[in-house]
1. Starting with the fewest neighbours, write out His241, His362, His65 ranked by other beta-carbon atoms found within 10 Å of each beta-carbon.
2. Expected output is a single nm value to one decimal: the length gained when fully extending between Asp318 and Leu130, i.e. 0.36 nm times separation in residues minus the C-alpha distance. What is it?
3. Going through the stretch 290-330, which GluC sites (Glu not before Pro) have at most 14 other Cβ atoms within 10 Å and a DSSP loop state?
4. Tell me, what HN-Hα J-couplings in whole Hz come from the Karplus equation 6.51 cos²θ - 1.76 cosθ + 1.60 at θ = phi - 60° for each residue of the stretch 69-80, using x for Gly and Pro?
5. Could you sort the peptides 175-184, 29-38 by per-residue average Cβ neighbour count (10 Å cutoff), highest mean leading?
6. Return, ordered by residue number, the residues of the stretch 198-219 whose backbone nitrogen is under 16 Å from a label point located 7 Å along Cα→Cβ of Thr226.
7. Relative to a virtual label point 7 Å from the Cα of Gln328 in the Cα→beta-carbon direction, which members of the stretch 285-302 show backbone nitrogen distances below 17 Å?
8. Counting helices only, and only those DSSP H runs with n ≥ 4, report the 222 nm mean residue ellipticity of the chain as the sum of -39,500 (n - 2.57) divided by its residues, in deg cm²/dmol to the nearest 500.
Amino acid sequence: MKINLKLKDSSERLQSQLAPKEKLPFGKLRTDHMFVADYIDNEWKNAHVIPYSDFSIAPGAIVLHYAQAIFEGAKAFMHPDNEIYTFRVDKNAERLNISADCLCMPNIPVDFQIEAIHTLIDVDRLWFPLQEGASLYIRPFMFSVDDSLGVHPGAKYKFAVILSPSGPYYPDGFSKPIRLLITKKFHRATPGGTGYAKAAGNYAASLRAGEFAKKFGANQVLYLDTTNTYIEEAGAMNHYHITADGTVVIPEFTDTILKSITSLSIIELANELGLNVIQKRIKIDEFINDVKAGKIVEAGGFGTAAVISPVGEYVFEDGTSLTVGNGQIGPISKKIYEYYTGLQYGKIKDKKGWLKKVERKHA
Ligand code: PLP
Ligand code: COI
């Protein structure tokens, strides 16, 4: 892999490291470099770490017209030993290939993706945000670059990785519960479609619903399936609820729900957490009745960016609302959050080998 180093002005870097965590936004800052590789003649080549810079792309590039683009979201954490560790990026790399299959794009070897991520983080390790609760958000993505207006898969692709020193996704972080809008007006994904993939087009299609949610003071929409019967997920996270007997319930993965690595991790951590974690189809009517009856006492979202985001209240288009429990962050959500982030930040022993140290090779 070729590495072309160039350091930018350090003022942005200082901002990322010194700003109090409330001021460090999610996804806005960039580091000095990016990773890029090209898919040409059926193989990945030109793997490079280069200064963060614009792409040059043909106006007729397939991605610009037909959204043949996919991405991932992962994180790296600074541990008490002052070393940087990535969290389960092998799972992100595997899912990028599932998304690639869904959009007729080439696979990228998992080891190649991990090497790209680790090399880039190593090169830009000075950018690591040091405030409590901050992390380095990792964004790998792939898009088609063929200059062609026919609707067909491309033959040429770019794979890139960029980094963003980030604070919490929701500005208040874990300290304040979020609100979700329950609506039958918008749907995120249709059966047989691209809902299970991290396809750029899914997010373009969710923007209108997101703006609609804001009108009701909600952070996101809680999407239902296209028959408006079952809970699916929110725009950028899976959904969970917790019943009065302490069971954590996550909607069963279907082809309209993204298989969240956070949800999968909470399922795999059930023993350590001392919790019963199950997945099943959840009828929205039963969910609403159970919240009203006090049978569901906590709820929220699971996601890399969202981490564990408790929901205090669901709102409806008619202006009514539904408070979960007492509307505050519940003890089980807090327990999951503390365990999960404790593991990510290296304060709790990683028995599963989910955290991989970024070796010092280039910096
Ligand atoms: N669902 C959607 C639609 C998302 O965009 C995300 C974010 O990545 C998630 C769920 C959570 O997935 P993960 O935990 O792998 O980040
Ligand atoms: C993530 O959690 O990593 C996401 O991709 C969600 C969102 C920022 C699109």
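1. His65, His362, His241
2. My answer for the length gained is 63.3 nm.
3. Glu317
4. Running phi through 6.51 cos²θ - 1.76 cosθ + 1.60 with θ = phi - 60° gives 8, 9, 8, 9, x, 9, 9, 10, 10, 8, 9, x Hz.
5. Peptide ranking by packing, descending: 29-38, 175-184.
6. So the set is 202, 205-206.
7. 297-299
8. -7500 deg cm²/dmol
Every number here is computed from the coordinates shown, using simple stated rules; none is lab data. A quick note: this is a predicted structure, and the numbers were derived from the prediction, not measured. A quick note on method: Cβ atoms are made from the backbone with ideal geometry, for glycine too, and the neighbour counts reach across all protein chains shown.
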